[in-house]
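So the structure is just underneath, and the comments pick up after that.
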Amino acid sequence: MSRLAFLLPIFAVACEGELTVISAPQPAPWALDAAVASADSGESPAAAAARPTPATEPASKPPVVVTTTTPAAPQGFVVHEWGTFTSVQGSDGSTQDGMQHEEEALPKFVYGRAPLAMHQKQIEGLPEGCNQKMETPVVYFYTAKPVEVALDVTFKQGIISQWFPSGTTMAPPVGALSNSLSTSTSGLNNGSLQWKVQVDPAIDMAKAPKVAADSIWQPSRNTKATPLRFVGLDHEQQPVDQTERFLFYRGLGRFTLPVQVLAGEKALLTVRNSSGDSLPFGLLLRATTDGKGGLVELGSIGAQTDRQTSIPSADVPLATAIKQAKAKLKTALVASGLYDDEAQGMVDTWQKSWFTTPGVRLLYVLPQPWTVKLLPMQIAPAPTQVVRTLVGRIEVLTTEDEAIAKAIVVQTKASGKLEQAVKLDRFMEPRLQRACQLLDKATYKAHCDKLLKWAANQGD
């Protein structure tokens, strides 16, 4: 069994800034990578035949939102999911590698592919650079009667690295990955996990693993979802009997989405949506080291649109900013179809990462078709209602952030002390990646290669 860490940094919020909307210059039409956009999973016929025969989640229809309040007596079989993924972008909107590091520790009962590999989210090897961290998708079930559920999720451009409770089948198998494409069975793609669990209102949540009241795991449990239970052998062939409120998984990936934050001079930002879909909601956030916060609410961001604004002013107390930010984001999550207590659980889970940690970040709600493409899911029996809400988070490197990172690279080269780079704190590796892109290659390439190799093996 593994030790896991929940993740995500972010900021505090308040003061609303002014916005300017312009059409995006030469917007690039967006499509997910062919491996992701294809409805075909790419698995062999034999592997497909070995799976249960779940009903494929309908991608063409938006979920039917019956109510924002968890029903006291669920009608039919309802499935809700929320999750998030994180990337770091340079001031030019480029997505940076080095996103595999752990941040906040998860309970020890959570499984991981390589429990001791804490520097790379408990995955046994990174065959290629990781530029996306998929965080905590949790899947809730609602039913008034017992149901045996088979759920199969595929991460087309990534690998599922951590999960709970135990799954029944995983791809690629544990041990198949290394730190080289030449010695791995695949890159960071076509990861999958299958569960078979009993969902029953009579299951006693008192039998779930104990966590502290302030644990990052606890907020996700604060819903009225029907409990579930897995009884069987885990991936290490150990007998287990596990109870929980939800299915949990997360992983590492390599892909880009058509959302960028361009950081210019004089504290100007451009949020660019170069896709053909409107983003339901966007929120720019900022937190500072002196306990202040700021926010710019972007609302819906149209297809192929640039939204120009300033970096949020951090001129209110952090506690005030957090309260405002959580309320705005929760409203957007409920509007996506989540129940009120699910939305509250999500914003409470990321209290530290989204709203407290210093930095400038964008949170945005993905169009649900993107979720279906990124994480195809099959469920049996077929649900009467499905809601799947993902929040993207972009950590923005301003030109000032980049100047600081470049100075650190120059300093470590002059001193020979690579450990001085820890001054960059969280997201150290992607910050160094960006700095090395900006520095003269002839002068710094050899040093950057050594520095980045060192940074890849450090915690975050």
ask   = Within the stretch 221-249, how many residues turn out to be buried (at least 20 other Cβ atoms within 10 Å of the Cβ) and within 20 Å of Glu342 (Cβ to Cβ)?
value = 11
key: Subset of the stretch 312-346 (residues that are surrounded by fewer than 20 Cβ atoms within 10 Å (Cβ to Cβ), closer than 27 Å to Ser274 by Cα and of a type in the set (A, V, I, L, M, F, W, C))   = Val334, Ala335
query = Regarding Ser215, is this residue under 24 Å from the mean Cα position of the chain (by Cα) and modelled with pLDDT of 95 or more?
reply = no
query = Any idea which residue in the stretch 250-271 is nearest to the chain's Cα centre (by Cα), counting only those that are surrounded by 22 or more Cβ atoms within 10 Å (Cβ to Cβ) and over 30 Å from Leu177 (Cβ atoms)?
reply = Val261
request  = Mind listing whichever residues of the stretch 132-165 are touching a Pro at 6+ places or on another chain (Cβ under 8 Å) and of a type in the set (S, T, N, Q)?
outcome  = Thr143, Thr154
note = For the stretch 77-100, the count of residues that are closer than 22 Å to Asp449 by Cβ, among the aliphatic types (A, V, I, L, M) and outside any loop (DSSP other than H, G, I, E, B) equals 1
Residue in the stretch 346-369 that is nearest to Thr69 (Cα to Cα), counting only those that are touching a strand residue (DSSP E or B) at 6+ places or on another chain (Cβ under 8 Å) and in a helix (DSSP H, G or I) = Met346
task = Please verify whether the stretch 396-410 includes one or more residues that are among the small types (Gly, Ala, Ser) and in contact with a Phe, Trp or Tyr (Cβ under 6 Å, 6 or more places away or on another chain).
result = no
request  = Can you give me the number of residues within the stretch 194-220 that are β-branched (Val, Ile, Thr) and either loosely packed, with under 15 Cβ neighbours inside 10 Å or assigned to a loop (DSSP other than H, G, I, E, B) (or both)?
outcome  = 3
note = Among Pro358, Pro369, Pro383, the single one that is in the same structural domain as Val138 (by TED's automatic domain parsing) and touching a Gly at 6+ places or on another chain (Cβ under 8 Å) is Pro383
inquiry  = I'd like to check something: does the stretch 194-206 contain any residue that is under 23 Å from Gly251 (Cα atoms) and either of a type in the set (D, E, K, R) or not assigned by TED's automatic domain parsing to the domain that holds Pro381 (or both)?
reply    = yes
task = Might you check whether a residue that is polar (S, T, N, Q), modelled with pLDDT of 95 or more and in contact with a Leu (Cβ under 9 Å, 6 or more places away or on another chain) occurs anywhere in the stretch 443-457?
result = no
message = Can you tell me which of (1) within 17 Å of Arg393 (Cβ to Cβ); (2) outside the structural domain of Leu363 (by TED's automatic domain parsing); (3) surrounded by fewer than 22 Cβ atoms within 10 Å (Cβ to Cβ) is the one Gly293 doesn't meet?
response = (3)
message = Restricting to the stretch 101-119, and then to whatever is buried (at least 24 other Cβ atoms within 10 Å of the Cβ) and farther than 19 Å from Glu244 by Cβ, can you tell me which residue is nearest to the chain's Cα centre (by Cα)?
response = His101
query = Of the residues that make up the stretch 228-235, is at least one closer than 30 Å to Gln132 by Cα and touching a Pro at 6+ places or on another chain (Cβ under 8 Å)?
reply = yes
request  = With respect to Ala455, determine if the residue is small (Gly, Ala, Ser), surrounded by 14 or more Cβ atoms within 10 Å (Cβ to Cβ), part of a helix (DSSP H, G or I) and in contact (Cβ under 8 Å) with a residue 40 or more places away in the chain.
outcome  = yes
query = Given the conditions (1) surrounded by fewer than 21 Cβ atoms within 10 Å (Cβ to Cβ); (2) under 23 Å from Tyr249 (Cα atoms), which single one is not true for Pro376?
reply = (1)
task = Starting from residues that are modelled with pLDDT of 95 or more and among the basic types (Lys, Arg), keep the ones in the stretch 420-436 and report whichever is nearest to the chain's Cα centre (by Cα).
result = Arg431
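Residue-wise test of (1) aromatic (Phe, Trp, Tyr); (2) closer than 30 Å to Pro383 by Cα.
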| position | (1), (2) |
| --- | --- |
| Lys121 | no, no |
| Gly129 | no, no |
| Phe141 | yes, yes |
| Trp163 | yes, yes |
| Lys207 | no, yes |
| Trp217 | yes, yes |
ask   = Can you pull out the residues in the stretch 109-122 that are out of contact with any helix residue (DSSP H, G or I) (no Cβ under 9 Å at 6 or more places or on another chain) and at pLDDT below 85?
value = Pro115, Leu116, Ala117, Met118, Lys121, Gln122
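The values are calculated or read from the model by the stated rules, or taken from the named source; none is laboratory data. All values derive from a computational prediction rather than experimental measurement. Positions of Cβ are backbone-derived with ideal geometry, glycine not excepted, and every protein chain shown enters the neighbour counts.
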